[in-house]
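> Below are the structure tokens for one structure; questions will follow.
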Amino acid sequence: MHTFDASAAPRNWDLYLAAVVDIRFEDRVVHVEPRSPGVAEGPFPGPAQGATVHVITAWNPLGRTASFAANARAHRLLLAEVRSLGPTWWPAEGRDKQGMHREESVAVVGLDDAAALGLGRRFGQDAIFAWTPDAWRLLTCDGGVTAARGWAAFETRNRSTAASRH
């Protein structure tokens, strides 16, 4: 793991560190929040079978606000690429804790860090999340900076019909 170098971090690094993620499974939504290193509270999603869940977005490349239409188009392209790769995936949303900013995302199981970072790079992202049973990591897509945190997860029943994707 790389030593943290603030000068190498993307300009929105502090916002990324504080971001929360909602992952929509068929029957529930799992809300994940960062915590202090070493903390792992709540359910890690059973469908992931203990494997890393990477959360990737195509919204707002390089941390710069894009139009809704541009973000929606980029998200469709990301979904097409994820589908072509074949891993299991679920719809997700990354946002600030206050809910003022949101980015449609995808939670993917079945990729290693290098492949997930490659997807992030292809879609102009500064960073992606990597969630494991023991850590919530933020990885810069250029591979220069990593932050390992703990996590807390909370489940709610999903009222939508969103199903897991294969």
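> Please tell me if A72 is of a type in the set (A, V, I, L, M), part of a strand (DSSP E or B), modelled with pLDDT of 95 or more and in contact with an Asp or Glu (Cβ under 9 Å, 6 or more places away or on another chain).
no
> Among the candidates A116, A107, A92, single out the residue that is touching a His at 6+ places or on another chain (Cβ under 6 Å), under 23 Å from W151 (Cα atoms), crowded, with 18+ Cβ neighbours inside 10 Å and in contact (Cβ under 8 Å) with a residue 12 or more places away in the chain.
A116
> Check A147, A107, A92 and return the single one that is among the aliphatic types (A, V, I, L, M), part of a strand (DSSP E or B), touching a helix residue (DSSP H, G or I) at 6+ places or on another chain (Cβ under 9 Å) and modelled with pLDDT of 95 or more.
A107 is the lone residue from the list that is among the aliphatic types (A, V, I, L, M), part of a strand (DSSP E or B), touching a helix residue (DSSP H, G or I) at 6+ places or on another chain (Cβ under 9 Å) and modelled with pLDDT of 95 or more.
> Just need a number here: residues in the range 36-69 that are over 19 Å from R95 (Cα atoms) and assigned to a strand (DSSP E or B).
Number of matching residues: 2.
> Going through R73, R102, R35 one at a time, which residue ends up being surrounded by fewer than 18 Cβ atoms within 10 Å (Cβ to Cβ) and either within 21 Å of T146 (Cβ to Cβ) or in contact (Cβ under 8 Å) with a residue 60 or more places away in the chain (or both)?
Result of the check over R73, R102, R35: R35.
> Hey, could you check the range 46-61 for residues that are farther than 14 Å from A130 by Cβ and either touching a residue at least 24 places away in the same chain (Cβ under 8 Å) or of a type in the set (S, T, N, Q) (or both) and say which is surrounded by the most Cβ atoms within 10 Å (Cβ to Cβ)?
Out of the qualifying residues, it is A58.
The values are calculated or read from the model by the stated rules, or taken from the named source; none is laboratory data. For clarity, every value in this text was computed on a predicted model and none was experimentally measured. Glycine also receives a Cβ, built like all others from the backbone with ideal geometry; neighbour counts cover every protein chain displayed.
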